[in-house]
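The values are calculated or read from the model by the stated rules, or taken from the named source; none is laboratory data. What you see is a predicted model, and the numbers here were worked out from it, not measured in a lab. When we count neighbours, we look across all protein chains shown, and the Cβ atoms used for this are built from the backbone with ideal geometry, even at glycine.
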Amino acid sequence: MTTSPDEGEEKEGPVIRDKRRIDPETGKVREGAADKPSTPEAPADGGATVSDEEVASLKTQLAERLTDLQRLKAEYDNYRKRVERDRVAVREQALGQVLSELLPVLDDIGRARDHDELTGGFKSVAESLEAVTGKLGLERYGEKGEPFDPVVHEALMHAYSAEVTETSVMDVLQPGYRIGERILRPARVAVAEPDPNADQEEPVEQAEDAAKANKADSTGKADKGDEADSGDDGE
């Protein structure tokens, strides 16, 4: 009986190598595993370096971006302020148009008060209207004796007076109204200026007084001279 060559050879099975460093049965580190050198890790950046020129370029770009941001912020701040200023101007303009229509009514109330006709229910309504317009920013101005200002006053009458030293308001014919710095209607007034002849009259009066004093002195001296002559004749 012929024997097959494969039958005489032992069949080799799969080889299993336990590479675990810790022995599962003893819990100890196996010899040789602890002494195995570890593989050095490669540098994270792969050994790459950044040159000084690249650093300077990055700093320049950063400064440019920062300048752009600052400029944009300044432009936005200016835009916000301009919008707020325009909003206030539009509000004052609209409010001024409404209040301008009420000025004749306020004039009638003022005339009624001057003639003691502001009584009863009319007085209550008038005071309420004046209070509301005041809360909205309407201000009445124009007083007798204050300096004349052509920006806020309108001169309807003109005269000279020795009682004033500068151009002044002598009488308020119609009060003025304004909202903040905006003039809705100038105050219509009578104006008095210093009398240009007042400065000339004073020197003339002083000269006349001096002449009278000189004349009196001369007369007194003449009288004394006559008395002296009479005394000599008597002797």
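Values computed for the structure shown
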read-out	value
Residue that is at pLDDT 95 or above and among the aliphatic types (A, V, I, L, M), where the choices are ALA211, ALA187, ALA216	ALA187
Residue within region 130-137 that is in contact with a strand residue (DSSP E or B) (Cβ under 9 Å, 6 or more places away or on another chain), surrounded by fewer than 14 Cβ atoms within 10 Å (Cβ to Cβ) and not aliphatic (A, V, I, L, M) present	yes
Any chance VAL83 is under 22 Å from LEU138 (Cβ atoms), within 26 Å of the chain's Cα centre (by Cα) and among the β-branched types (Val, Ile, Thr)	no
Among residues of region 87-129, those that are over 12 Å from LEU184 (Cβ atoms), small (Gly, Ala, Ser) and surrounded by 12 or more Cβ atoms within 10 Å (Cβ to Cβ), counted	3
Qualifying residue in region 66-73 (condition: surrounded by 10 or more Cβ atoms within 10 Å (Cβ to Cβ), of a type in the set (S, T, N, Q), modelled with pLDDT under 95 and over 24 Å from the mean Cα position of the chain (by Cα))	yes
Strands (runs of 3 or more DSSP E) wholly inside region 132-189 containing at least 1 residues that are touching a residue at least 40 places away in the same chain (Cβ under 8 Å)	138-141, 168-174, 176-179, 182-185
Qualifying positions in region 61-98 - free of Cβ contacts under 8 Å to residues at least 60 places away in the same chain and aliphatic (A, V, I, L, M)	LEU62, ALA63, LEU66, LEU69, LEU72, ALA74, VAL83, VAL88, ALA89, VAL90, ALA94, VAL98
